[in-house]
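The values are calculated or read from the model by the stated rules, or taken from the named source; none is laboratory data. From a predicted model like this one, the values you see are computed outputs, not experimental measurements. Note that each Cβ is placed from the backbone with ideal geometry, even for glycine, and that neighbours are counted across all protein chains shown. Surface areas here come from the heavy atoms of the whole protein model, side chains and all, with no ligands, DNA or RNA. Shrake-Rupley method; radii C 1.70, N 1.55, O 1.52, S 1.80 Å.
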Amino acid sequence: MDLMQTLREQAAAKPMRVAFPEGENETMMQAVAKIAAEHLAECVLVGDGGKLKELADERGISLDGIEIVDVTDEEANAACCERYLSHPNCKFKPKGAARRMARPLERALILQVLGDVDVMFAGIDNATGDIILAGQTIVGLADGVDTVSSCGIADIPNWNGGEGGLLAFGDSAVCVDPTSEELASIAISSSETVRSLTGWDIRCALLSHSTDGSMDNELVDKVRRAREIANDRRPDLAIDGEFQFDSAINPKVAAKKVRRESAVAGQANVVIWPDINVGNIGVKIIQNLTGANAYGPMLQGFKKIVCDCSRSAPVDEIVGNVVMSCVRAQALKEA
């Protein structure tokens, strides 16, 4: 059974509540209808209720089993605002909070803070930067995390490394040139994300052009410092480095280059790129030279599961990303 099929079964077994603030978009509405029909999640459309129903009728899309939070309902908005203002995470004054009740993206995130939904999913109409900013402001960052980042998982054909041919990676999409503190956060967040999805015993490698002191410069120092910070913050996670890619995933190479004990060297199942150049190039090399399927990228680092998809994402890609988000939310609830 492949990874996605396993995750679909997990999502269906304990459906999470997912808020979608972009239901007016036809692709998103089709995806939400499919998710609801296949019982992968309890779907909540957040927006202009009348317009959502009108568009669904025009498109021939059934909204059966899908809840609608109508941001034009002033009485419901006032009730939600009152609840939110009394919540310790509310950062707004009454007028500011009231304005946000009628904004679908921010209302969906507020529903998360209030515990009415488990996941917020957007991205097809809202820019990633806007989602990250709203998520940081309303939901906030997880403890011990300095930055929002992303991670993904590649299913690499005819490769026995990583975890049965699967290799997770971060960050290829969000952090351009992370500091040591941010790199440590990426490693911690990626380890948590991957463990919540797969249940693996995490072995996370911080990558560099140097292995275990073979080079000495500012680029290497950044990675070494990131390891120290990550180990100090989360001694329960196996995060090590600095390693070149081959030293991280190949036990024979690691045996030659790493002259100390390491629970990660040569057997990493999560790798952390030192910057977005390496991350973007590295993922595309893996995909194009091996034919690997890559799942993600998934936003991470928030207190709750805040998700973003590509502006051009088709229905099946949205469904897959929602499934992964729901499994992550299950793990967060059970933690």
Residue count, segment 119-176 (criterion: open to solvent by 50 Å² or more (accessible area, probe 1.4 Å), within 30 Å of residue 93 (Cα to Cα) and hydrophobic (A, V, I, L, M, F, W, C))
1
Kindly indicate whether residue 63 is over 21 Å from residue 308 (Cα atoms), more than 19 Å from the chain's Cα centre (by Cα) and not in a helix (DSSP H, G or I).
yes
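Give me the residue from segment 214-246 that is small (Gly, Ala, Ser) and in contact with a strand residue (DSSP E or B) (Cβ under 8 Å, 6 or more places away or on another chain) and, out of that set, modelled with the lowest pLDDT.
241
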Selection within segment 219-240 - among the acidic types (Asp, Glu), open to solvent by 30 Å² or more (accessible area, probe 1.4 Å) and touching a helix residue (DSSP H, G or I) at 6+ places or on another chain (Cβ under 9 Å)
221, 228, 232
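Among 37, 13, 19, which is surrounded by 14 or more Cβ atoms within 10 Å (Cβ to Cβ) and of a type in the set (A, V, I, L, M)? Show your work before the answer.
Working: 37 fails: surrounded by 14 or more Cβ atoms within 10 Å (Cβ to Cβ); 13 fails: surrounded by 14 or more Cβ atoms within 10 Å (Cβ to Cβ).
The match here is 19.
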Scanning segment 277-307 residue by residue, the ones that are under 17 Å from residue 170 (Cβ atoms) and either touching a Phe, Trp or Tyr at 6+ places or on another chain (Cβ under 8 Å) or assigned to a helix (DSSP H, G or I) (or both) total 12
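Identify, from the list 320, 291, the residue that is buried (at least 18 other Cβ atoms within 10 Å of the Cβ) and of a type outside the set (S, T, N, Q). Give the derivation first.
Values: 291 fails: buried (at least 18 other Cβ atoms within 10 Å of the Cβ).
Step by step, each of 320, 291 is checked, and only 320 is buried (at least 18 other Cβ atoms within 10 Å of the Cβ) and of a type outside the set (S, T, N, Q).
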Pair list, Cβ under 6 Å, 6 or more apart: segment 72-87 residue closer than 20 Å to residue 52 by Cβ, other residue in a helix (DSSP H, G or I) and hydrophobic (A, V, I, L, M, F, W, C):
77/101; 80/101
